[in-house]
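Asks: Here you go, one structure.
Bear in mind these aren't lab numbers, they're just calculated from the coordinates by the rules spelled out. Every value quoted in this text rests on a predicted model; they were computed, and no experiment measured them. Cβ coordinates were reconstructed from backbone atoms using ideal geometry, including for glycine residues, and neighbour counts include every protein chain displayed.
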Amino acid sequence: MTIRKTSLIQGNRACTEGALAAGVRFYAGYPITPSTEIAEIMSEELPKFGGKFVQMEDEIAGMACILGAALTGKKVLTASSGPGISLKQEAIGYAAMAEIPCVIVNVQRLGPSTGGPTSSAQGDIMQARWGTHGDHPIIALCPSSVYECFTLTVTAVNFAEKFRTPVYVLLDEIIGHMRENVELPAYEEIQIIDRKKPTCTPQEYKPYIIDESMIPEMADFGTGYRWHVTGLFHDETGFPTGKTEIIDNQLKRLMNKFSKYEDEILLWEESKIEDAEILLVAYGSTARSALDAIETLRNEGIKVGLFRPITIWPFPEKALKAKLEKVKHIIVPEMNYGQLTLEVERICKDKTLVSGLFKVNSLPITPDEIIAKVKEVL
Amino acid sequence: MRPDLHHLFRMDKLPHIWCPGCGHGIITRAIGEAIADSDIDLEQTVIVSGIGCSSRAPGYMNFDTLHTLHGRALAFATGVKLSNPQLNVFVLTGDGDATAIGGNHFIHAARRNINLNVILFNNNIYGMTGGQYSPLTPTGKMATTSPYGNLENNFDIPVLAIASGASYVARGTAFHDKLLVDCIKEGIKNKGFSLIEAMSMCPTSYGRRNKMGTAADMLNDLKTSAVNINVAKKLTPEKLEGKFLIGTLHHKPYREFTEEYDKLIDRLRKEGD
Ligand SMILES: Cc1ncc(C[n+]2csc(CCOP(=O)(O)OP(=O)(O)O)c2C)c(N)n1
Ligand code: SF4
């Protein structure tokens, strides 16, 4: 790897480095702690790349604005936190429905409501999955280090473009504000994916017709294709329809959009999992405490391992299930009251016991707390 | 419809969904005429709308068209225009869409003086949802959610737009459609935020409940209530009581947002060289 630069940076800055490296050239948003640095850095950097930044009047506008920009062919990103992410939900559903590529960075803070602006939390896991109304597809990626903020933002932009979908990067405040030394690769070495553009003539163009890829081709506004975009159920020409059969097909396709790409989309990491009798399932900053706890416990001869979902949605279900041979008990430590625990329970309850370790008071879950929990279930 | 307008519309999508007597069709045609009479590249033209009966208009127009969320047309349009300033961007919106749920975006888009051509279809009601009162339903008038008469006050849309920073502001009506076409053409020429309030009419959800007669009677009301601003200058305040002004109400070009942004990019590029 050719290193472009080495620096001691925050997770939030690493997200902006990833966004710029992946080709994001448009940002719109509204400032909110603990995500504000992302807006500040993008306002400084984007015009240097010929890109655009605008501080909108609220988060709803920020989300809507990036979707407008995405339709002209730009790669787009917005960032926010808690209250702001709640405001964005209607437009995130629009992006899922109209299949507009976009990335939303959520630096999670303690909720509900204004909650704890500078407090860390992982309370938006279910919001990321089901925050907007109606069934819809979504991808959410969850970094555990500053470097991963960089790489996963690149991945998020690539996924958004390739699969024409909104993609979340779910940080927690600890990851967003933590500083680590990272080596950023040269731009040429970063794999970049661009959305598929139509190869047919404007006369032949049907914006939502699909081939075996399941992902329709997307024309930039202003290139003569003159297509119609709507959040209403629409047929392959893009125009609204009330025909139940078409509605049925459209939603089924949307909900299955990623299934043939699972190998590519589902990311996770395993640590000391082969002989593990107790398995920790942890993500984000909590996974760091889990790794620390595992080291101590292993020194005491306790067989503990870690399964760290990096793609939280869709959840790497098969991968987790395949690791349960020797596992007697799964513990899910998370800074909420069991949002991912529910999902793990759903997947694993026939094979093993599942317990949660929850802490929602603005403090991180410590290795000692995880160690105590492991010893409790032994 | 003028035959030379056919290529501007998706003729295969007609007939439209609007009720007989709805004013929205006249206004949509006026927008087509204004585009036909202006020297703009049709392939570089995007029409954005929110949600409402009026916001269905872009679906019939043969351009890149973006039917968004209730109230958010201006926020989407800001993204389209800022990311590609070469595009001519029109925003078609209703009185509820633009001044109730989208009121915040309205004043801020005007404040930025971003080069958008906004045609606000004002039918004094929420048409699509069956006649609830809007910020433009006159005080005292009936709506399904003001069954005892509307207690609230109204916005004066042009005043709101001017105070917020719009550089071109005009008003036309479904009756004065020639004037409306002229206003939209002026708006297209203006390099900045242009707001054209187009007085429409909704016989179904507003006229009927307020006993305003037929669609023709409502059109006649528009005719008699409107006074051209040039004529109004010669009239006494008494004569203008209960009337509204039509024509160009404000035109003051000044720095436009996307141009300023491009200048910034140029400056940074030069500093970087
Ligand atoms: C967030 C949201 N709230 C409410 C609605 C329901 N709704 C759809 S159109 C509309 C009012 C439209 O009125 P207006 O903008 O004046 O347009 P008109 O139909 O009169 O042309 C409402 C309340 C919606 N679609 N979305
Ligand atoms: S409800 Fe009113 S605004 Fe809507 S189409 Fe009918 S007449 Fe027009």
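Asks: Could you check how many percent of all C-alpha pairs in the range B:63-129 are farther apart than 17 Å?
Replies: Looking at the range B:63-129, the distances longer than 17 Å represent 35 percent of pairs.
Asks: In 10 Å bins starting at 0, how do the alpha-carbon pair distances of the range A:269-377 split up by percent?
Replies: Computed distribution, short to long bins: 16, 55, 28, 2.
Asks: Out of A:Ser86, A:Ala128, A:Ala61, whose Cα points farthest toward the positive end of the dipole of the range A:3-189 (charges: +1 Lys, Arg; -1 Asp, Glu; placed on Cβ)?
Replies: Result: A:Ala61, furthest along the dipole toward the positive end.
Asks: Using 7 Å Cα-to-Cβ label points, what is the A:Glu44/A:Lys260 separation (nm, one decimal)?
Replies: Simple spin-label model gives 4.5 nm for this pair.
Asks: Could you work out Rg/(2.2 N^0.38 Å) for the protein assembly as shown, with Rg from alpha carbons only?
Replies: 1.06
Asks: For chain A, calculate the relative contact order in percent as a whole number, restricting contacts to Cα pairs under 8 Å that are 6 or more residues apart.
Replies: So the answer I get is 16 percent.
Asks: Going Cα to Cα from A:Lys321, which aspartates and glutamates come in below 17 Å? Please leave out same-chain ones fewer than 8 positions away.
Replies: Cross-link targets: A:Glu262, A:Asp263, A:Glu269, A:Glu270, A:Glu274, A:Asp275, A:Glu277, A:Glu343, A:Glu345, A:Asp350.
Asks: In addition: Kindly list the residues of the range B:168-189 that lie in the label zone of B:Tyr254, defined by a backbone N under 13 Å from the point 7 Å along the Cα-to-C-beta vector.
Replies: Taking a point 7 Å out along Cα→Cβ of B:Tyr254, the residues of the range B:168-189 whose backbone N falls under 13 Å are B:168.
Asks: Now for a different question. I'd like the projected area of chain B, averaged over all directions, using the convex hull of its alpha carbons. Report it in nm² with one decimal.
Replies: 15.2 nm²
Asks: Determine the principal axes of the Cα atoms in the range B:214-273, then give the extent along each, sorted from largest to smallest and rounded to whole angstroms.
Replies: Result, largest extent first: 65, 31, 14 Å.
Asks: Shifting gears a bit: Spin-label point model (7 Å from Cα, Cβ direction): what's the A:Ala372 to A:Thr237 distance in nm?
Replies: 6.6 nm
Asks: Continuing with this model, one more query. Please report the orientation-averaged projected area of chain A, defined via the convex hull of its C-alpha atoms, in nm².
Replies: Its average projected convex-hull area is 19.3 nm².
Asks: For the range B:123-212, which GluC sites (Glu not before Pro) pass both filters: DSSP loop (anything but H, G, I, E, B) and at most 14 other C-beta atoms within 10 Å?
Replies: Passing sites in the range B:123-212 are B:Glu152.
Asks: Setting aside same-chain residues fewer than 8 positions from B:Lys234, which lysines have a Cα under 27 Å from its Cα?
Replies: Within the straight-line limit of under 27 Å, B:Lys234 reaches these lysines: B:Lys178, B:Lys185, B:Lys223, B:Lys243, B:Lys252.
Asks: Moving to a separate point now. Based on DSSP loop calls and a cut-off of at most 13 other Cβ atoms within 10 Å, the longest stretch of chain A free of exposed GluC sites (Glu not before Pro) is what?
Replies: A:1-203
Asks: Next up: Please work out whether the range A:59-191 counts as rounded, prolate or oblate from its C-alpha gyration tensor, where a ≥ b ≥ c are the square roots of the eigenvalues and a/c under 1.5 means rounded, while otherwise a/b larger than b/c means prolate and anything else oblate?
Replies: oblate
Asks: Students often forget the sequence filter, so: which aspartates and glutamates lie under 19 Å Cα-Cα from B:Lys263 once same-chain residues fewer than 8 apart are removed?
Replies: Hits, sequence-local ones excluded: A:Glu44, A:Glu45, B:Glu271, B:Asp273.
Asks: Mean-square fluctuation check for chain A, GNM, Cα pairs under 10 Å: which of A:Ala140, A:Ala276, A:Ala14 is largest?
Replies: Greatest mean-square fluctuation among the candidates belongs to A:Ala276.
Asks: Relative to the compact globular guide of 2.2 N^0.38 Å, what is the alpha carbon radius of gyration of the range A:136-294, as a ratio?
Replies: Dividing the Cα radius of gyration by 2.2 N^0.38 Å gives 1.33.
Asks: Then there is this: Are any of the pairs A:Lys257/A:Lys349; A:Lys52/A:Lys196; A:Lys75/A:Lys206; A:Lys88/B:Lys81; B:Lys191/B:Lys239; A:Lys303/A:Lys373 more than 25 Å apart by Cα-Cα distance, and if so, which?
Replies: Over 25 Å Cα-Cα: A:Lys257/A:Lys349; B:Lys191/B:Lys239.
Asks: On alpha carbon coordinates alone, what is the Rg over Rh value for the range B:38-156, Rh being the Kirkwood radius?
Replies: Expressed as Rg/Rh, it is 1.03.
Asks: Something else: Residues of the range A:36-62 with amide nitrogen under 19 Å from the 7 Å Cα-to-Cβ point of B:Asp273?
Replies: A:47-51
Asks: What's log10 of I(q)/I(0) for the range B:172-273 at q = 0.23, 0.24, 0.25 Å⁻¹, Debye sum over Cα points only, no solvent?
Replies: For the range B:172-273, the Cα-only Debye profile gives -1.17, -1.21, -1.24.
Asks: Let me spell out the model: positive unit charges on the Cβ of Lys and Arg, negative unit charges on the Cβ of Asp and Glu, origin at the Cα centre of the protein assembly as shown. What dipole size does that give, in debye rounded to 20?
Replies: Dipole magnitude for the protein assembly as shown comes out near 1380 debye.
Asks: At 222 nm, what helix-only mean residue ellipticity would the protein assembly as shown give, in deg cm²/dmol to the nearest 500, using -39500 (n - 2.57) for each DSSP H run of four or more?
Replies: Value at 222 nm, helices only: -10500 deg cm²/dmol.
Asks: Taking 7 Å along the Cα-to-C-beta vector as the label spot, tell me the B:Leu264-A:Thr296 distance in nanometres, rounded to one decimal.
Replies: Label-label distance for B:Leu264 and A:Thr296, simple model: 4.8 nm.
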